[in-house]
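Beneath this line is the structure, given in structure tokens, with notes to follow.
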Amino acid sequence: MIRVYQQETLDIFPLAQDVIKDSFSLMAQDQGHITLQKSSYNPLRQQYNAAVILDDIASKNDKDIEYKLCLVNVDIYAQNMNFIFGLANPIRKTAIVSTYRLNGDNTRERISKEIVHEIGHLFGLVHCANNKCIMHFSNTVKDTDEKEQTFCQDCRSKIE
Ligand SMILES: [Zn+2]
Ligand SMILES: [Zn+2]
């Protein structure tokens, strides 16, 4: 089971639920809306620190026991990256996906792919060299559009 939290400005639990069921045969539980903590905002970068949001979500109910997914629609960053689409911490069993840079023609498809990618990390997968594989690293939305919404055989075999 994966607990799904979303920013109050989003309403995409049904999408997350479908993706989680289709790709992992897991149930999703709607944990409702969350408000981002002020401390996650970096005024110099005018972006939100994904690690801070992730930490906050990871500390919520059933700390480190249940898998958790947080969906936000603000611009997020991590360490030396200009921006990221998502972040996952397998030890804390928590992932975050931002829809901010996924808007456009294939928004729902892109969000679905990024959700599968980050949950893949939660299950221990690392980045894959196969650019069609969902675990391939996306630097741009073009990369996201080019990959399939599925794992290559190699990655799939590691999570089954
Ligand atoms: Zn990744
Ligand atoms: Zn792969």
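Name the one entry in I111, I96, I115, I159 that is more than 15 Å from ligand 2 (Cβ to nearest atom) and either free of Cβ contacts under 8 Å to residues at least 60 places away in the same chain or over 13 Å from the mean Cα position of the chain (by Cα) (or both).
Going through I111, I96, I115, I159 in turn, the sole match is I96.
Looking only at the range 1-52, how many residues end up being closer than 18 Å to K113 by Cα, touching a residue at least 24 places away in the same chain (Cβ under 8 Å) and assigned to a loop (DSSP other than H, G, I, E, B)?
The number of residues fulfilling the criteria is 4.
Scan the range 87-98 residue by residue and report those that are touching a Phe, Trp or Tyr at 6+ places or on another chain (Cβ under 9 Å), part of a loop (DSSP other than H, G, I, E, B) and more than 12 Å from ligand 1 (Cβ to nearest atom).
Result: K93, single match.
For the range 63-86, what are the residues that are over 18 Å from A28 (Cα atoms) and either within 16 Å of ligand 2 (Cβ to nearest atom) or in a loop (DSSP other than H, G, I, E, B) (or both)?
Those that are over 18 Å from A28 (Cα atoms) and either within 16 Å of ligand 2 (Cβ to nearest atom) or in a loop (DSSP other than H, G, I, E, B) (or both): N73, V74, D75, A78, Q79, N80, M81, N82, F83, F85.
Which of the residues that make up the range 124-136 are surrounded by 15 or more Cβ atoms within 10 Å (Cβ to Cβ) and within 14 Å of I91 (Cα to Cα)?
The answer is L125, and nothing else.
Restricted to the range 5-44, and to residues that are among the aromatic types (F, W, Y) and out of contact with any Gly (no Cβ under 8 Å at 6 or more places or on another chain), which residue is surrounded by the fewest Cβ atoms within 10 Å (Cβ to Cβ)?
Ranking the candidates gives Y41 first.
How about the range 132-150: which of its residues are free of Cβ contacts under 8 Å to residues at least 40 places away in the same chain, more than 13 Å from ligand 1 (Cβ to nearest atom) and in a loop (DSSP other than H, G, I, E, B)?
K132, T140, E148
Here are some conditions: (1) within 13 Å of ligand 1 (Cβ to nearest atom); (2) surrounded by fewer than 15 Cβ atoms within 10 Å (Cβ to Cβ); (3) acidic (D, E). E114 meets all but one. Which one does it not meet?
(2)
Just checking, how many residues over the range 136-159 are farther than 18 Å from T99 by Cα and touching a helix residue (DSSP H, G or I) at 6+ places or on another chain (Cβ under 6 Å)?
Qualifying residue count, the range 136-159: 0.
Starting from residues that are over 18 Å from L87 (Cα atoms) and acidic (D, E), keep the ones in the range 123-160 and report whichever is modelled with the lowest pLDDT.
Here the residue is E160.
Would you check if there is a residue in the range 73-84 being in contact (Cβ under 8 Å) with a residue 40 or more places away in the chain and out of contact with any Phe, Trp or Tyr (no Cβ under 7 Å at 6 or more places or on another chain)?
Among the residues of the range 73-84, not one is in contact (Cβ under 8 Å) with a residue 40 or more places away in the chain and out of contact with any Phe, Trp or Tyr (no Cβ under 7 Å at 6 or more places or on another chain), which makes the answer no.
The values are calculated or read from the model by the stated rules, or taken from the named source; none is laboratory data. Just so it is clear, the structure is predicted and the values come from calculations on it, not from any experiment. Backbone-built Cβ (ideal geometry, glycine too); neighbour counts: all protein chains shown.
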